[in-house]
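Readers should treat all values here as calculations from the given coordinates under stated rules, not as data from a laboratory. Remember, it's a predicted structure, so these values are computed and weren't measured experimentally. Note: ideal-geometry Cβ built from the backbone for every residue, glycine included; neighbour counts use all protein chains shown.
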Amino acid sequence: MRIDAIIAERRPTFSVEFFPPKTAEATEQLYATARELAKLEPDFVSVTYGAGGSTRDGTVEITTDGLATTLNRIEAAGIENVFALRGDPPRGQGDFVQPEGGLGSAAELAAFIAAGWDFSIGGACFPEVHPEAPDLETDLAYLKTKVDSGARFLITQLFFDNQVYFDFVRAARARGIGAPILAGVIPVASFAQTKRICDLCDASIPGPLEAAFEAAGGDPEREFELGVAFAAQQCAELLIAGAPGIHFYALNKAPATRAVLGALRASRPWERVRGDTATLTGSAD
C-alpha cells in the first residue's frame, strides 16, 4: 500500500526504520527484531542502505547498481514506496561530491523518480537544520523544492526536544510545505551509541536528559529504562499535539521500540488531541 495513502487514512501512523545487516548474525537479529515488532502492527517499515556513508556493496540483496535498474526492480517486486535520500559522503570523504553523470541532491532524485515511476516518494527533513545548510530559511527553501519535485511525505531526523519539531513544522507550513511530517524518534537503549549518532547528524541532546543518562553511570538496565520512559513521554506529547505519526529509529533491535510502541498502543494518547492540529497534521495532497 502507498505510504501517502496510509498517512491519509490512518492517524496516527507508526513506522520503523531498519538498516541492512552486514553479517549472518546481524541478519538473524534483524529478522528476529522484525518478527517481534510485527506483533505491534506498524503501518510500514523502511530499509536504509548506505547509512553513514557506507557503500552499497553489502546491500546487494536490497539494491543493484544503476538507479533506473534499481527502481525497475523495486517496481517489479510490487513495492510502491521509495524514500529519496541524497546519501552521506563515503567514509573518509569530508564533503559530498556529485558523481559523474549522477544526481547531486535528494530533490533531483525525487524529480527523477517522479518522472519515470509511480511511487509514493518520501523525503527527509531536519528540525535542527541540515548540517550543510547555513540557516533554517535556506533549509526550508530546499525542502520546498524537494516536495515540489515529488516528495509526498516527510520524516524528520531524530530529535529529543519536541518544541524543535513543533517550531519546525509551523515554519514549514508558513513556507507552503503541506506534506505530512512524521516525527523521527529514537528510543535510547545505549546512551553512548545514541551520542555517536547525534554527533554524526548534528542532533542535540537537551542538557537535563544528558545529565540523567550520565547519572545512570553507564548501567545498561538504567539507561534502557530511562530511554524507554523518555521516548514514551516524548511520543505521547507529540501525538497529543497532533503529530501525524511516529517513525522509530530502532537500530535493528526490538526491546526499546517494542516497549515504547506497546505503551502507546495501550494508552492511546492521540485520543486526547488538543487544540488546532491542522498545522502538524498537514496533507498528503
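Once R0 is set to 22 Å, what does the formula 1/(1 + (r/R0)^6) return for the Cβ-Cβ distance between A133 and E75, expressed as a FRET efficiency to the nearest 0.05? Please report the intermediate quantities before stating the final value.
Numbers: r = 32 Å, r/R0 = 1.46.
Working from the Cβ atoms, E equals 0.10.
Determine the dipole magnitude for region 121-187: charges of +1 sit on the beta-carbon of Lys and Arg, -1 on that of Asp and Glu, nothing else is charged, the reference point is the Cα centre, and the result goes in debye to the nearest 20. Could the numbers behind the result be given before it?
Working: 6 positive and 8 negative charges, 75 e Å.
That gives region 121-187 a dipole magnitude of about 360 debye.
So, with +1 on the Cβ of K and R and -1 on the Cβ of D and E, and no other charges, what is the size of the charge dipole of the chain about its Cα centre, to the nearest 20 debye?
Values: 25 positive and 38 negative charges, 145 e Å.
Roughly 700 debye, rounded to the nearest 20.
For a bin width of 10 Å, list the pair-distance distribution of the chain built from all Cα-Cα distances, rounded to whole %.
Each 10 Å bin holds this share of Cα pairs: 6, 28, 38, 24, 4, 0.
Considering only Y31, H130, L71, whose Cα is most displaced toward the positive end of the charge dipole of the chain, charges sitting on Cβ of Lys, Arg (+1) and Asp, Glu (-1)?
Highest projection toward the positive end goes to Y31.
Please turn the phi angles of region 195-210 into ³J(HN,Hα) values with the Karplus equation 6.51 cos²θ - 1.76 cosθ + 1.60 (θ = phi - 60°), one per residue in order, whole Hz, x for glycine and proline.
4, 5, 5, 4, 5, 5, 10, 6, 8, 8, 10, x, x, x, 5, 4
From the phi of every residue in region 107-123, what ³J(HN,Hα) in whole Hz does the Karplus formula 6.51 cos²θ - 1.76 cosθ + 1.60 yield, where θ is phi - 60° and glycine or proline is x?
5, 5, 5, 4, 5, 4, 5, 4, 6, x, 9, 9, 9, 7, 9, x, x
Along each of its three principal axes, how wide is the spread of alpha-carbon positions in region 151-197, in whole angstrom units, largest first?
Sorted largest first, the three principal extents are 38, 21, 14 Å.
Compute the longest continuous run of the chain that contains no exposed trypsin sites (Lys or Arg not before Pro); treat a site as exposed when its DSSP state is not H, G, I, E or B and it has at most 10 other Cβ atoms within 10 Å. Write out the running numbers ahead of the final one.
Values: sites that count: R91, R274.
Counting only loop sites that pass the neighbour cut-off, the longest clear stretch is 92-273.
Amide H neighbours of V47 under 5 Å, at least 5 residues apart or on other chains, H built in the peptide plane: list them.
Amide H neighbours of V47, under 5 Å, 5+ apart: F18.
So for region 126-285, what are the equivalent ellipsoid semi-axes in whole Å, largest first, each being the square root of 5 times an eigenvalue of the Cα gyration tensor? Can you show the working numbers first?
Details: eigenvalues 149, 74, 33 Å².
Semi-axis lengths for region 126-285 are 27, 19, 13 Å.
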